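Heads up: the structure comes next, in structure tokens.
The values are calculated or read from the model by the stated rules, or taken from the named source; none is laboratory data. Just so you know, these numbers come straight off a predicted model, no measurement behind them. Cβ placement follows ideal geometry from the backbone for every residue including glycine, while neighbour counts extend to all protein chains displayed.
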Amino acid sequence: MFRLFSDVGEERWAKSIGRDLKRWQETRDVEGHLSSHGAMGSLTDVILCRQNGHDLSPEQEPWADTLYQLLLVVLHALASNGGRDLPAERLSGSFDPRTTQLQGRHCRACGYLETQASALEYLLAQRHLRRTIIDALLQDRLQDYVADILALRIASAEADRKHLVGLCEAAGVPIVTDPAWMRTCPKCRSDQTAMYRWEVNGKLEPAPDNLPLID
């Protein structure tokens, strides 16, 4: 986490994590670090993105922020266990399963659907990093791992990217690059647009909590 924050220019929390590291090295104390989780304005409120002034390209942003979120879970799990080791299965089981959905938008008036290239990358980051971050931890190579992710050295994600693009094409869901909100539907010009989510299970399946079409 210290390496990630330092590399993207998150100076405030890099300093905080640095103090936590020093305290751990000197006294094996984790309480100071645990106190930075959970409250308003705490470590858990950080979002790594260009809008917050972080040194990231548009391509890096989904991967860096997802890496931060997963490191945060691992940090909290280990600190909550007094800094002692935990089984890999327990660490990976701490990740929130609900964040593996593909996000997009839909028109509640005519049913038009679309997703965004950045949403595809966020999903790819979740799918890829969840599979690899624990291995990097077990191999004691997390700092190199952070460097690889920030450099977008993620060759193993390419096949998954092609697969997800194919699922979108098969479902008739265009992938747009426009970062702006779908203010009006590009098909019917209605302003009744909303977020939409799909479960990715060999195909795109609408999540059960999507808002229905308007009668």
Note to self: I'd like to know if the stretch 162-174 contains one or more residues that are assigned to a loop (DSSP other than H, G, I, E, B), closer than 14 Å to residue 102 by Cα, out of contact with any Lys or Arg (no Cβ under 7 Å at 6 or more places or on another chain) and of a type in the set (Val, Ile, Thr).
What the structure shows: yes
Check: From the residues in the stretch 6-29 that are touching a residue at least 40 places away in the same chain (Cβ under 8 Å) and under 25 Å from the mean Cα position of the chain (by Cα), which one is nearest to residue 60 (Cα to Cα)?
Finding: 8
Item checked: Any hit, the stretch 194-202, residues being in a helix (DSSP H, G or I), among the aromatic types (Phe, Trp, Tyr) and at pLDDT 90 or above -> no
Item checked: All positions within the stretch 14-32 that are in contact with a Ser or Thr (Cβ under 8 Å, 6 or more places away or on another chain) and within 25 Å of residue 152 (Cα to Cα) -> 14
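Yes/no per residue for (1) under 18 Å from the mean Cα position of the chain (by Cα); (2) not assigned by TED's automatic domain parsing to the domain that holds residue 200:
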{"residue": "40", "(1), (2)": "no, yes"}
{"residue": "46", "(1), (2)": "yes, yes"}
{"residue": "49", "(1), (2)": "yes, yes"}
{"residue": "52", "(1), (2)": "yes, yes"}
{"residue": "104", "(1), (2)": "yes, no"}
Next item on the list: Could you list, in sequence order, all residues of the stretch 53-80 that are surrounded by fewer than 13 Cβ atoms within 10 Å (Cβ to Cβ) and either on the phi < 0 side of the Ramachandran plot or part of a helix (DSSP H, G or I) (or both)?
Entry: 57, 59
